[in-house]
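Participant: After the structure tokens below, expect a handful of questions from me.
Taken together, the values in this text are just the output of simple stated rules run on the coordinates, not laboratory data. This one's a predicted model, so the numbers in the text were calculated from it and none came from an experiment. Cβ placement follows ideal geometry from the backbone for every residue including glycine, while neighbour counts extend to all protein chains displayed.
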Amino acid sequence: MVKLGLQIKCTLFNVTDLAPSDRDNFGWCLTLKCPQCGEEHKNDVFITKSESHEIQGSRGSANLVMSCSFCKKHSNVDILQNDFTYSLSDSEKFKTILVAEFRGIEPVSFKFDGEWNCSAENSNKKFEIADGAEMESDGWYDYDQDGSCEVSITECEHKFIKIK
Ligand SMILES: [Zn+2]
């Protein structure tokens, strides 16, 4: 049972409060690896706080339940905290935006895929980022007409940290 935090680091320009648009229905896109046989799962999985699946042979449930396609080891993942926001003051620094418990499975990497939003720093404008994959690959760029300035989110990185 390992509690891990997903940290992201982005360069925010004239925007703040970056977060998934709909936290509880957001699918956190992860690549996972089986710690028992060392096999990395080919297909990414989406872990969603509002989804609940029964854990085989137990009365519990988890946000993601799976078994390794090679060694058949059962595993599951539960999101513990998803109410974080990445602000302008966090720019260019790693900050935890998700805490989850991984039982029998390890995350390898994270993709920013999915719908995010952020707020303009110089006006009341809100921006929707239709697919976070864009900020991760080429960077996301827009223009804040009310604040008369360019806005962008670039240099997106991530890492996982152990949480006690
Ligand atoms: Zn396995």
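Participant: Name all residues of the range 1-29 having a backbone nitrogen under 17 Å from the label point set 7 Å from the Cα of residue 128 along its Cα→Cβ direction, giving them as ranges.
Facilitator: 18-27
Participant: May I ask you to derive the FRET efficiency for residue 3 and residue 148 from their Cβ-Cβ distance with R0 = 35 Å, giving the value to the nearest 0.05?
Facilitator: According to the calculation, E is roughly 0.20.
Participant: Sticking with this one: Using Cα pairs closer than 8 Å and at least 6 residues apart in sequence, work out the relative contact order for the range 1-141, in percent.
Facilitator: In percent, rounded to a whole number, it is 33.
Participant: Quick one: which of 36-47, 57-68 comes out on top by average Cβ neighbours within 10 Å, and what's the full order, highest first?
Facilitator: 57-68, 36-47
Participant: Using the structure shown, list the pairs from 111/164; 33/162; 42/72; 42/111 with a Cα-Cα distance above 22 Å, or answer none.
Facilitator: 111/164
Participant: Can you list which of the GluC sites (Glu not before Pro) found in the range 80-129 are DSSP loop residues with at most 14 other C-beta atoms within 10 Å?
Facilitator: Answer in residue order: 92.
Participant: Ranking 118, 71 by Cβ neighbours within 10 Å, fewest first, what do you get?
Facilitator: 71, 118
Participant: Right, here's the next one. Computed over the Cα atoms of the chain, what is the convex hull's projected area averaged over all directions, in nm²?
Facilitator: Averaged projected hull area, Cα only: 9.8 nm².
Participant: Given the Cα-Cα distance of residue 53 and residue 74 and 0.36 nm per residue of separation, how much length would full extension add, in nm?
Facilitator: Full extension from residue 53 to residue 74 adds 6.3 nm.
Participant: At what distance in nm do the modelled label points of residue 42 and residue 93 sit from each other, each positioned 7 Å from its Cα along Cα→Cβ?
Facilitator: Spacing of the two 7 Å Cα→Cβ label points: 4.3 nm.
Participant: Once you have the Cα-Cα distance between residue 117 and residue 138, take 0.36 nm times their residue separation minus that, and quote the gain in nm to one decimal. Spell out each step's value before the answer.
Facilitator: On the way: separation 21, 0.36 × 21 = 7.56 nm, distance 1.71 nm.
Once the chain is fully extended between residue 117 and residue 138, it gains 5.9 nm.
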